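What follows is a single structure, written as structure tokens, with notes after it.
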Amino acid sequence: MLYVGIDDTDSKLGMCTTYLAAVLAERLAPFGLHGYPRLVRLNPNIKYKTRGNAALCLVLERGPVEEVEKIAVKAVEEYARFEDGNTNPGVVVHEGEVPDDVRAFALRVVRDVVDIPEALLLAKKHGMRVRRFKNGRGVIGALASIGLDLYDHTYELLAYRLPENYEKPRRLDRESVYRMDAATYPDTWDNVDLRNKVVVFSPHTPDPVLYGIRGNSPEVLLKAQKMLVTEPVERSQIFITNQGTDMHLVEAKVADVRNDRSYVLEGFVCDEPQAIEGGHVFFGIEQAGASIKCAAFEPTKNFREIVKQLIKGDEVKAFGSVKGDTVNLEKLEVVKLAQLVKTSPPKCPVCGKSMESVGRNKGYRCRKCGARRALPIYEKVKRDLEPGLYEVPPSARRHLAKQIIRIKEPWCRTHPGR
Ligand code: ATP
């Protein structure tokens, strides 16, 4: 097998490495495409990323390897946005089996932060062909796209625009998107956000992507595409991908958390939710003496209503990336609710009137007869919040976050966001 990994070719002002891969899928077809091109999403917290930290890999049946490399490099030279200071393309070509240490490296690129020399050393060790442009940081993603084991995977069909339309607003018949979604959900997902009434499968950035349909199988994606009414599509490409797999998440202790990584953390709510200006909601969790702030930011919309109902003592699991010492929530499991207790002044044991508080922790006194009591009336209050797993809505979904509907055997009650 022959692997061609590419990364870091686009800029915020245009292009998309997936488009380059789609073009290459056509140009490299004579070498025998093996399976669908691989669209791998890497650590979502990497500061160098343009958008979704993607890297692409094409797998071919045969060479000659020199020929393949030449075609790949030419395509990068043709399409990469070199004028952008943050575009540093890398191409890696590998012939043979994927070595174990390259697989391990790839998983670290999804979960951790690595550096360019490490990627170069590893590629060199296995005799891979490496082409770097500018500082060549893309070699990290290119190598990871070759090595990543897609032990769990989904598919995405990306449709691209005619170049003459790039500058124009995207033309998509919304009704057809809603119809397609209704007909294919839950085998496709995140096409629309029903609750927040937005089409989410089409970007607003100036890149060639018209839309991306995500789903369980190539067949359902093709069926879904046929239902759409849109502007002309220049080309479409189905990718196999680690999107929607939670591959970035690592179970860890709160005390061991590091910024720029993503985790599943268990703990008890220690600071109750507080909404700040801008609509962001923060709360704290504590585990074995260590604590961390968790955030449901404004774009997570209705998910914040769930978060706001947490109280001190609730047992939760927080799923998300840590940035600035704060967990950016993607999912939240409410494991066990604390008992909410309301206190109210007791009735006077002598004359039956409501008593009044004497002061904090000082007990109660009857205004009429002067009788005193130490304790209030405690009343258990039913919580509005149900235990179970919650997720941010489709409009706030990160590429790697696993949709609740993809969890085959849920360990708890689930509340999919739709
Ligand atoms: P593109 O479509 O061009 O791939 P993007 O949003 O996917 O856009 P890039 O422009 O590729 O982001 O920028 C990400 C850069 O960070 C790449 O050079 C990639 O090699 C590098 N990178 C990715 N993951 C890691 C990581 N875990 N540690 C260090 N560098 C990383």
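Rank SER236, VAL198, LEU56 by how far each Cα sits towards the positive end of the charge dipole of the chain (+1 on Lys, Arg Cβ; -1 on Asp, Glu Cβ) and give me just the farthest. Of the listed residues, the answer is VAL198. Scattering from the C-alpha atoms of the range 297-418 alone, worked out with Debye: what is log10 I(q)/I(0) at q = 0.12 1/Å? Those come out to -0.61, one per q.
In whole percents, the pair-distance distribution calculated for the range 1-54 from its alpha-carbon pairs, binned every 5 Å from zero, is 4, 17, 29, 21, 15, 9, 5, 0. Give the Kirkwood hydrodynamic radius (Å, one decimal) of the chain, defined as one over the mean of 1/r across all pairs of different Cα atoms. After inverting the mean inverse Cα-Cα distance, the result is 23.8 Å.
In a reduced charge model with +1 at each Lys and Arg Cβ and -1 at each Asp and Glu Cβ, the chain shows a dipole moment near 2480 debye about its Cα centre.
Principal axis extents of the C-alpha atoms in the range 251-291 (largest first, rounded to whole Å): 30, 22, 12. Of the DSSP H helices in the chain, those that are both long (alpha-carbon extent of 20 Å or more along the helix axis) and hydrophobic (Kyte-Doolittle mean at least -0.5) are 65-79.
Here the peptides 367-379, 16-28, 301-313 are ranked by packing, the mean other Cβ count within 10 Å, and the order with the highest first is 16-28, 301-313, 367-379.
Quick check: from the Cα gyration tensor, does the range 191-288 come out rounded (a/c under 1.5), prolate or oblate?
prolate
Its residues counted as N, the range 268-337 yields a C-alpha radius of gyration over 2.2 N^0.38 Å of 0.98. The convex hull drawn around the Cα atoms of the range 349-418, when projected onto a plane and averaged over every direction, covers 9.0 nm².
Rounded to whole Å, the principal axis extents of the Cα atoms in the range 2-147 read 36, 32, 24, largest first. Projecting the Cα atoms of CYS270, ILE213, ALA224 onto the charge dipole of the range 141-283, computed from C-beta unit charges around the Cα centre, puts ALA224 farthest toward the positive end. Counting only DSSP H runs of at least 4 residues, each contributing -39500 (n - 2.57), and dividing by the residue count of the chain, the helix-based mean residue ellipticity at 222 nm comes to -6000 deg cm²/dmol. For the range 109-252, the percent of C-alpha pairs falling in each 5 Å distance bin, counted from 0 to the bin holding the largest distance, reads 2, 8, 16, 15, 15, 15, 12, 9, 6, 2, 0.
Structural size metrics of the range 340-381, computed from C-alpha coordinates, are Rg and Dmax of 10.2, 32 Å.
Pairs LYS301/LYS323; LYS125/LYS253; LYS197/LYS382; LYS47/LYS134; LYS197/LYS331; LYS253/LYS402: which exceed 23 Å Cα-Cα? Over 23 Å apart, Cα to Cα: LYS125/LYS253; LYS197/LYS382.
Since every read-out is calculated from the coordinates, none of them should be taken as a lab result. Just so you know, these numbers come straight off a predicted model, no measurement behind them. Virtual Cβ from ideal backbone geometry, glycine too; neighbours counted across all protein chains shown.
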